[in-house]
Amino acid sequence: MKYHFKPNDDEYPVFYKGYIDTLEDKDLLPTLRNEKKYALDLFKKIPLEKANYQYQEGKWSVKQVLLHIIDTEMVFSYRALAISRGETQELPGFDQDEYMAEVNVDETTLSELIQCFDHLRSANIILFSMLRKQDLDKIGVASGYSVSARTLGYFISGHCKYHVNILKDRYGV
């Protein structure tokens, strides 16, 4: 199925562009699979003693970054599902800092976060593989911006890759 192609600039708000432009694959399903492998390879190398590490006071810990990746993927995959099914109501935004303030990552192990990411991404690969071209082409409104269902799949991968690179560069994992 070669209809899973990168979205056009008019299918998403401009601030998504940086995430989408980092992706090398043009086809959505290999992109989701490749970014899953890229992320899991890094996550599995994180030493347990580094799980709560913050590279700077006031920044998220390694586990919080992983949880943020998971939270964002859940929100954006729901948006993709809703838009692909023809949802006409505007989908709400979410505040990443408010989400993080409501969770205690000390009660979650690094292993649980990695497993959650693995299963979530697998489910999303299946979700996007089931969507037809006309589903992916649908445009909805999320957080006040028009966006296609296709774009949300690319955003999921690009957002994850962005944060994995931050874990490598700033956290030294």
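Using all C-alpha to C-alpha distances in the stretch 1-57, build P(r) with 10 Å bins and read off the rounded percent in each one.
18, 35, 28, 17, 3
Taking 2.2 N^0.38 Å as the expected size of a compact globular protein, what ratio does the Cα radius of gyration of the stretch 70-153 give against it, to two decimals?
Relative to the 2.2 N^0.38 Å estimate, the stretch 70-153 comes out at 1.21.
For the ranges 86-95, 14-23, what's the packing order if you count other beta-carbon atoms within 10 Å of each residue, average per peptide, and put the highest first?
The most tightly packed comes first, giving 14-23, 86-95.
Give the Kirkwood hydrodynamic radius (Å, one decimal) of the stretch 77-116, defined as one over the mean of 1/r across all pairs of different Cα atoms.
12.8 Å
R0 = 25 Å: FRET efficiency of Asp41 with Arg132, Cβ-based, nearest 0.05?
Working from the Cβ atoms, E equals 0.20.
Give, rounded to the nearest 20 debye, the magnitude of the charge dipole that the stretch 9-171 has about its Cα centre when Lys and Arg contribute +1 at Cβ and Asp and Glu contribute -1 at Cβ.
It comes to approximately 620 debye.
Can you show me the helix-derived [θ] at 222 nm for the chain, built from DSSP H runs with n ≥ 4 at -39,500 (n - 2.57) apiece and divided by the number of residues, rounded to the nearest 500.
Using -39500 (n - 2.57) per qualifying helix, the result is -18500 deg cm²/dmol.
With a ≥ b ≥ c taken as the square roots of the eigenvalues of the C-alpha gyration tensor of the stretch 115-160, please select rounded if a/c is under 1.5 and otherwise prolate if a/b is larger than b/c or oblate if it is not?
The shape class here is oblate.
Would you kindly state how much longer the chain becomes between Val141 and Arg85 on full extension, computed as 0.36 nm times their sequence separation minus their alpha carbon distance, in nm to one decimal?
18.9 nm
Between Tyr55 and His119, what length in nm is gained on full extension when 0.36 nm per residue of separation is reduced by their alpha carbon distance?
In short, 20.3 nm is gained.
With every atom except the alpha carbons ignored, what do you get for Rg and Dmax of the stretch 42-97, in angstroms?
15.5, 46
Quick note: the coordinates plus some simple rules give every number you see, no bench work behind them. Computed from a predicted model, the values in this text were never measured in an experiment. All Cβ positions, glycine included, derive from the backbone under ideal geometry; neighbour counts span all protein chains shown.
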